[in-house]
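What follows is a set of notes on a single structure, which appears directly below.
Nothing in this text is a laboratory measurement; each read-out follows from the coordinates by a stated rule. No experiment lies behind these values; they were computed from the predicted model shown. Positions of Cβ are generated from backbone atoms using ideal geometry, with glycine treated the same way; all protein chains shown enter the neighbour counts.
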Amino acid sequence: MRPESVENAVPRTVRVLLPLPLADAYDYSVPEGLDVAPGRFVVVPLGRRETLGVVWGGGTGEVPAAKLRDVIEVLPALPMADALRRFVDWVAAYTLSPPGAVLRMAMSSPSALEAPRTELVYRPAVAAGDGTLKLTAARRRVLEALKDGPAMAAGELAHLAGVGASVVKTMAAAGLLEAHERIVRRSFPKPDGAHHGPTLSPEQKAAAEALIAKVEENAFSATLLDGVPGAGKTEVYFEAVAAALAAGRQVLVLLPEIALTAQWLRRFEDRFGCTPAAWHSGLTSLERRETWRAIAEGRVGVVVGARSALFLPFAELGLIVVDEEHDTSFKQEDGVCYNARDMAVVRARLVSAPIVLASATPSLESVLNVTAGRYAALHLPARHGGNQLATISAVDLRRHAPERGRWLSPPVLAAMKQTLAAGEQILLFLNRRGYAPITLCRSCGKGIECPQCSAWLVEHRFRRQLVCHHCGHTEPPTLACKSCGVADHFVACGPGVERLAEEAHEFFPDRRIELFTSDSLMNRDEATAAVERMEAGEIDILIGTQMAAKGHHFPNLTLVAVIDADLGLNGGDLRAAERTFQLLYQVAGRAGRHERPGRALIQTHAPEHPVMQALVANDRDRFVSAELAGRSGAGMPPYGRLASLIVSGPDPVAVDNVCAAIARRVPQQQGITVLGPSVAPMSLLRGRHRRRFLLKTGRDTAVQPVLHAWLAQIGLPGSVRLQIDVDPYSFL
Ligand SMILES: [Zn+2]
Ligand SMILES: [Zn+2]
């Protein structure tokens, strides 16, 4: 070969996307002999280090050949599927995030990409002959154990033959056994759709058949499965799961993290004979690696997980279920701001699979999608087994005030006595962790604030700590006031669950009372144990936050009391009423789920509020239409579109300068409104000063191009961050 021809040859180049928040895809040259098909995981140089990435396509050719660097290595992992790469691009474009930041979510187990672990396994060698060879008894037992069976690892083989592991090794050395390498794989049990056929009511059966038909179409469709708590939605979508499994496809079930309970897993096991693969924050890195690989290789039939499971590398995804689809925990609010429910619909479309959104209190977004004909709807009207919904009544705190410094009103106390006398259980619901939301100094009247945030520190009396619920800052309980220096003069203001537990103990000293919160139950096992104690009747009064509101069924729980129903309404944001209604409706649905009728008492200062009225009338649909009418009139989601911009930094002057630059370029298009800049309600968070803009457009105007054009020329000093949240849920 002549030297010139080498110089003039156009190098083969590829674009490699790196799982880094700053990166777009970069061009790399490809050394001879490397297979760099799109989707391959590769190691490439970046500055002075090496990093993992994914081949995203052919090179752009924009980088001069002399500056190109070589791909170092192609990893042995299965390539990332085309549909998943398109999904990463889609999510990045929709949320205006760097594609690399989204890719990072799709590479949540980097060690799964490395060569899998192998082990030596043994089988009889030809030298072992036909059994005529003279052998010791131990050696004969080893050959016997291998007869007609699969090759085995030394430990397993020795155990089975009842010999020491050294016998196996010496036999291999003597040429009696042949060793070869085998990949070590964790095996996942296969859910069996025929394990335990369901007993369905006629309504459930009809809904299940409709879903099965969608699965069999093997095409994109979205269906809202709507039914009151206890109507048996889970049993219905389990039939769709069984149909997808029968067709040889994989299923993803998304659940809010806190609803991913042992109870749900048990129901699945009853139906399918084994538990599904779970994907959540509690997995060890080994579990993550094995699960990730098995999903990519199609060895896992059903994955149940929190929102991050949406980015797993399914080989043959044939159905997605989003249970509790209205739940706001599907919305991620830092890093890449996305709603897993909405993105799940996109992923289903990209893989041409059906998606089922299940809820007793569907989001207004989904309700409108049904009305507009974009989603199909299936309604489960009655409670499974003919049970009645709990009767819900409001307790007007203006007329039935609790004693001073207490939170349980006389009607609630009376109902508690009755319930306990009947040998039944109680749930007291208060969505406030800790002892009291504010601790005040009696001497100067100041509250104890977080040094990092504009928020009060919350006293957690059992842990003997003051905690910031926004940044996690903790400090020991103070003896002297930071403002005036007076010692030991603090007073707790308002109730938290710990304080409520103290009060319940005073009224019912002989009863077994437990807290059900993320602070008292630190992990999944503790939560499971508490649920089991509740089921076994070992708890009389359960006091819980929203963690107790979801996914649990306690047959002997007949009274639910909501201590402060007005709590969620005070925030005044767009979804305050919707969220409060959904939460309280779910909580009330905990009562009387089996043979016993239940009741829910809702303590409120505003029984005339539409949310309370709708709850008491048990008229969800009236609430939904009133709320939709209000949103429509105001052009708010789901009728309009919102995006929020949060500008933050440690130096308020630098933050305000950036805000001024953004404000100068506000888009002047018809139908677009921009509010702000305004100081965010959380004006200080983790030491950063925060300002907000809110962009509002009609439903037919996509916000992404508007934001692109608007923000393209804004320069940011290093310390200032600009976060874009399309379809925001939080306005803090
Ligand atoms: Zn003071
Ligand atoms: Zn804080």
Length-normalised contact order of segment 168-316, Cα under 8 Å, at least 6 apart, in percent, tallies to 29 percent
In vacuo Debye sum over C-alpha of segment 671-723, base-10 log of normalised intensity I(q)/I(0) at q = 0.31 Å⁻¹, listed in q order, is -1.23
Given Cβ charges of +1 for Lys and Arg and -1 for Asp and Glu, the option among 513, 329, 261 whose Cα lies farthest towards the positive end of the dipole of the chain is 329
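Expressed in nm to one decimal, what extension gain is obtained for the pair residue 639 and residue 505 from 0.36 nm per residue of sequence separation less their Cα-Cα distance?
Working: separation 134, 0.36 × 134 = 48.24 nm, distance 4.80 nm.
So the chain would gain 43.4 nm between residue 639 and residue 505.
Across every pair of different alpha-carbon atoms, what Kirkwood hydrodynamic radius in Å does segment 14-101 reach? Working shown, then result.
Details: mean 1/r = 0.0758 Å⁻¹.
Kirkwood hydrodynamic radius for segment 14-101: 13.2 Å.
From largest to smallest, what semi-axes in whole angstrom does segment 166-311 give when each is the square root of 5 times an eigenvalue of its alpha carbon gyration tensor? Walk me through the numbers before you get to the answer.
Working: eigenvalues 286, 60, 43 Å².
Largest first, segment 166-311 gives 38, 17, 15 Å.
Which value, in nm² and rounded to one decimal, describes the direction-averaged projected area of the C-alpha convex hull of segment 529-643?
On the way: hull surface 34.0 nm².
That works out to 8.5 nm², a quarter of the Cα hull's surface.
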Rounded to the nearest 10, the angle in degrees between the Cα long axis of helix 233-246 and the longest principal axis of the Cα atoms of the chain comes to 10 degrees
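Quick one: of 205/331; 331/696; 147/190; 446/550, which pairs are farther than 30 Å apart, Cα to Cα?
Details: 205/331 32 Å; 331/696 19 Å; 147/190 27 Å; 446/550 36 Å.
Distance filter (> 30 Å) returns 205/331; 446/550.
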Of all DSSP beta bridges with both partners in segment 228-382, the antiparallel percent, nearest 5, is 10 percent
Scaled by the rule-of-thumb 2.2 N^0.38 Å, the alpha carbon Rg for segment 440-559 gives a ratio of 1.26
Taking Cα atoms only, helix 620-634 is inclined relative to the longest principal axis of the chain by an angle, in degrees rounded to 10, of 90 degrees
Over segment 267-398, the quotient of the Cα radius of gyration and 2.2 N^0.38 Å is 1.27
Rg/Rh of segment 375-475 (Cα atoms, Kirkwood Rh), to two decimals, equals 1.13
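Given axes a ≥ b ≥ c from the Cα gyration tensor, I'd like to know whether segment 475-535 is rounded (a/c under 1.5), prolate (a/b larger than b/c) or oblate. Please list the in-between numbers first.
Working: a/c = 4.12, a/b = 1.87, b/c = 2.20.
Judged from the Cα gyration tensor, segment 475-535 comes out oblate (a/c at least 1.5, b/c at or above a/b).
Quote the relative contact order of the chain in percent (integer), defining contacts as alpha-carbon pairs under 8 Å separated by 6+ residues. Kindly include the intermediate steps, with their values, before the conclusion.
On the way: 1431 pairs, mean separation 76.0, N = 732.
Taking the mean separation of contacting Cα pairs over the length of the chain, I get 10 percent.
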Computed ³J(HN,Hα) along segment 457-474: with the Karplus parameters 6.51/-1.76/1.60, θ = phi - 60°, integer Hz and x for glycine or proline, the list is 7, 9, 6, 10, 5, 5, 8, 6, 9, 9, 10, 8, 7, 9, 10, x, 4, 10
With the dipole of segment 389-487 defined by +1 on each Lys or Arg Cβ and -1 on each Asp or Glu Cβ, the option from 466, 414, 487 whose Cα lies farthest towards the positive pole is 487
Measuring from the longest principal axis of the C-alpha atoms of the chain, the long axis of helix 410-421 (C-alpha) lies at a number of degrees, nearest 10, equal to 50 degrees
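Per residue Cα convex hull volume for the chain, in cubic angstrom?
Working: hull volume 172.1 nm³, N = 732.
Once divided by residue count, the hull of the chain is 235 Å³.
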Counting only residues 5 or more apart in sequence or on a different chain, those whose built amide H sits under 5 Å from that of residue 392 are 600
Taking a crude spin-label model, label points 7 Å out from Cα along the C-beta direction, the residue 144 to residue 20 distance in nm is 6.2 nm
Between residue 641 and residues 5 or more places away or on another chain, the pairs with built amide H atoms under 5 Å apart involve 697, 698, 699
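When the convex hull of the Cα atoms of segment 628-727 is projected onto a plane and the area is averaged over all directions, what value comes out in nm²? Could the numbers behind the result be given before it?
Numbers: hull surface 26.3 nm².
Average of the hull's projected areas for segment 628-727 equals 6.6 nm².
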Between the modelled labels at residue 486 and residue 352 (7 Å from Cα along Cα→Cβ) the distance in nm is 7.4 nm
As a percent rounded to 5, the proportion of antiparallel DSSP bridges among beta bridges in the chain is 55 percent
Toy charge model, Lys and Arg Cβ at +1, Asp and Glu Cβ at -1: the chain dipole around Cα centroid in debye, rounded to 20, equals 760 debye
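Would you mind getting me the FRET efficiency between residue 43 and residue 285? Use the beta-carbon distance for r and R0 = 25 Å, nearest 0.05.
Working: r = 19 Å, r/R0 = 0.78.
So, using R0 = 25 Å, E works out to roughly 0.80.
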Scanning the chain, every Cys lacking a C-beta partner under 4.7 angstrom -> 274, 337, 471, 493, 659
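Using every Cα-Cα pair within segment 343-416, state what percent have a distance larger than 17 Å. Intermediate results must be reported in sequence, preceding the final value.
Details: 1802 of 2701 pairs.
I get 67 percent for the Cα pairs in segment 343-416 exceeding 17 Å.
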Counting only residues 5 or more apart in sequence or on a different chain, those whose built amide H sits under 5 Å from that of residue 80 are 40, 41
Label model pair residue 518, residue 126: point-to-point distance (7 angstrom along the Cα→beta-carbon line) in nm is 6.4 nm
Note: segment 85-201 at 4 °C, 1.567 mPa s; Kirkwood Rh on alpha carbon pairs; Stokes-Einstein D in µm²/s works out to 69 µm²/s
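Return the inverse of the average 1/r over all pairs of distinct C-alpha atoms in segment 155-201, which is the Kirkwood hydrodynamic radius, in Å to one decimal.
Values: mean 1/r = 0.0682 Å⁻¹.
Computed over segment 155-201, the radius equals 14.7 Å.
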